[in-house]
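One structure below.
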Amino acid sequence: MKVLLGIGGADDSLDALSETVARAVEAGDDLTVAVVENPESDRDPEAVVAAAREELADAGLAEDVRRLSGDPGSSLVELAESEGFDQIVLGGGQRSPMGKIRLGHIAEFVLLNARVSVKLVR
């Protein structure tokens, strides 16, 4: 499966990175990591790129890490469609006190606009 993982530096993105890399190793997926700018994260995007490359290298996967510019949600959807990805994976989906899932603006945009399967890692 050709998988696109979108990460923006939030803690849930880094959790999604670890889980998706492990899944890619186990399933033999072709994994591309796209680093987007997330205004809700204090992490430097270059530090996120370095962390993604290190995680992929440690797992023995190709270091296909890209830095996307512009609107994060739009950039992820456009990349997934233009390069024929089978799935987009995102971190996100925190639970409210009432038990409902709260989505960040990037995850919400991707879920509503992607024409491929979207997986949320919580």
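Points worth noting:
- Residue check, Glu26 free of Cβ contacts under 8 Å to residues at least 40 places away in the same chain and of a type outside the set (S, T, N, Q): yes
- Val110 in contact (Cβ under 8 Å) with a residue 24 or more places away in the chain, touching a Phe, Trp or Tyr at 6+ places or on another chain (Cβ under 9 Å) and β-branched (Val, Ile, Thr): no
- Residue check for Asp29: surrounded by fewer than 17 Cβ atoms within 10 Å (Cβ to Cβ) and among the acidic types (Asp, Glu): no
- Scan of segment 19-50 for residues that are in contact with a helix residue (DSSP H, G or I) (Cβ under 7 Å, 6 or more places away or on another chain), over 15 Å from Gly92 (Cβ atoms) and of a type outside the set (Asp, Glu), ordered by number: Val21, Val25, Leu31, Val33, Val35
- Ala50 fulfils the conditions (1) exposed (fewer than 13 other Cβ atoms within 10 Å of the Cβ); (2) without any contact (Cβ under 8 Å) to a residue 24 or more places away in the chain; (3) among the small types (Gly, Ala, Ser) except for a single criterion, (1).
- Leu61 vs. criteria crowded, with 18+ Cβ neighbours inside 10 Å and out of contact with any Pro (no Cβ under 9 Å at 6 or more places or on another chain): no
- Of the residues in segment 16-25, not one is farther than 20 Å from Val121 by Cα, part of a helix (DSSP H, G or I) and at pLDDT 95 or above.
The values are calculated or read from the model by the stated rules, or taken from the named source; none is laboratory data. As the structure is a prediction and not an experimental result, all values here were calculated from the model. Note that we place each Cβ from the backbone using ideal geometry, even for glycine, and neighbour counts take in every protein chain shown.
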